[in-house]
Structures are given as C-alpha cells and as structure tokens.
Amino acid sequence: MLAKASAPFDNPDYLFEIKWDGERTIAFVENRKIVRLQNRSLQDVSTRYPEIIGSPVEAEEAILDGEIVLLDETGKPSFSKLAQRSHVQDLFKIRLLSKAMPVTYVTFDILYRNGQVLTGLPLWERKKYLSVMKQAAILPIFFIEGRGRIFFETITSMGYEGIMAKRMDSPYLPGKRSDSWLKMKPQKSAICNVIGL
C-alpha cells in the first residue's frame with residue numbers, strides 16, 4: 001500500500017506515526033520466525049539482512065509490512081548508512097556488516113496471520129493484531145490519534161524524516177496509492193538569485 005503527499009493536519013479519523021527512512025519490505029513468517037524479506041520491486045532481499053532472518057514472531061504464519069532501518073548512535077534512521085549495506089552482494093561482507101552495522105525491522109502493518117487474511121479489516125483492527133504479537137528483534141511502531149500537526153512538529157524537530165497519516169477505518173490496498181495513507185515531510189525552500197550570462 002502506497003501513500004500520497006500531504007501537508008500536516010489534525011483529524012480524529014486518522015492515526016499518525018513516524019515515517020521511517022529505510023527500505024520498505026514485506027516480511028514472511030513461518031514457524032514463528034521471519035524466513036523471507038521482499039522489497040517493493042518484489043526482489044528477495046533476505047540474504048542482504050541475515051540478522052532479521054530467524055527473528056521470532058508470535059505467529060505460526062504471518063505476512064508483515066514494515067521498513068528495514070539502520071539506526072545511528074542517536075536512535076534515528078540513517079539512510080546513508082543503510083545504503084552502504086543494501087547493495088552488497090558478497091556473503092562474507094554481508095555477514096561482517098550485519099555485525100558492524102546491524103539493521104532493525106520496523107513493523108507497521110500486518111496482512112495475514114495464522115490462516116486469516118487481514119487486508120480487508122480496518123487499520124485499527126490490524127494494529128490490535130500487531131499490539132499482541134511480541135516480536136523480538138523487531139521494533140514495534142508507536143502512533144498517536146488525531147493530532148497530526150503537533151506530532152509532525154515534534155517528530156521533525158527531533159530529526160526524523162517526517163510522519164505518516166493513516167485512516168483508521170481503511171483496509172489494506174496492496175499496490176494502491178490512496179488518501180487513506182498520507183506522507184508528510186518538511187518542505188525545504190531557498191532564496192535563489194537567477195543570474196544570466
């Protein structure tokens with residue numbers, strides 16, 4: 001499911017969460033652990049992030065939606081550091097980097113669990129499923145309801161990329177971009193002088 005751009009707003013029908021600067025990834029769970037990772041291009045990226053593979057999840061089977069992030073020393077995602085890992089192919093280098101620069105999987109949605117397809121449920125129900133699943137080595141996501149403007153100001157002042165607004169009654173729409181998910185990032189501007197030669 002994809003997001004449209006928006007300015008910050010308040011709305012009791014939406015929840016607001018941090019926009020993580022990383023690699024969007026679907027995680028497949030079998031026998032209570034993550035066994036495969038797939039990026040937005042439908043590529044299997046499991047070998048790139050061995051520290052996530054095998055992470056325990058409280059479900060026999062599940063499909064999770066989230067973001068692979070590399071957190072810096074302040075606990076914020078560093079996309080430039082993640083880029084140093086995301087294209088490495090050599091398995092020995094990958095193993096070394098997984099120890100020196102480990103990544104974290106931030107789970108923000110769930111599509112399937114123990115034989116039940118959850119995509120048709122409203123977001124608030126899918127979040128309930130996530131809240132009861134204890135996941136080691138996976139960072140659960142924090143969100144607030146209704147108050148997007150103050151959340152945006154707080155999160156961006158802390159150095160994060162921005163926030164997401166998600167309509168609480170929305171189903172999960174695979175591959176679709178809709179007003180149910182909105183992304184908000186600070187607008188950068190500069191005063192420029194146009195000089196002709």
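Please treat every number below as a calculation from the coordinates, not as lab data. The structure presented is a predicted model; accordingly, all values stated were derived computationally and were not measured. Using ideal geometry, Cβ is built from the backbone for each residue, glycine included, and neighbour counts are taken over all protein chains shown.
Assorted remarks:
- An oblate overall shape is assigned to the stretch 4-108, the ratio a/c of its alpha-carbon gyration tensor axes (a ≥ b ≥ c) being 1.5 or greater and a/b not exceeding b/c.
- Residue with peak Gaussian network fluctuation, the chain [Cα springs, cutoff 10 Å], from Leu70, Leu182, Leu173: Leu173
- Average silhouette area of the stretch 2-184, convex hull of alpha-carbon atoms, in square nanometres: 10.0 nm²
- For trypsin sites (Lys or Arg not before Pro), the sites in the stretch 1-60 that DSSP calls loop and that have at most 11 other Cβ atoms within 10 Å are Arg40.
- Net lengthening on full extension, Lys4/Phe142 (0.36 nm per residue, minus Cα-Cα): 47.6 nm
- Across the chain, the mean sequence separation of Cα contacts (distance under 8 Å, 6 or more residues apart), normalised by length, yields a relative contact order of 32 percent.
- Restraint check, Lys128/Lys166; Lys4/Lys99; Lys33/Lys99; Lys81/Lys185; Lys19/Lys81, Cα-Cα greater than 25 Å: Lys4/Lys99
- Just so you know, the Rg over Rh for the stretch 46-149 is 1.02, from Cα atoms, with Rh as the Kirkwood radius.
- For the chain, the longest site-free run once GluC sites (Glu not before Pro) in DSSP loop states with at most 15 other Cβ atoms within 10 Å are removed: 74-197
- Looking at the chain, the DSSP beta bridges with both ends there are about 85 percent antiparallel.
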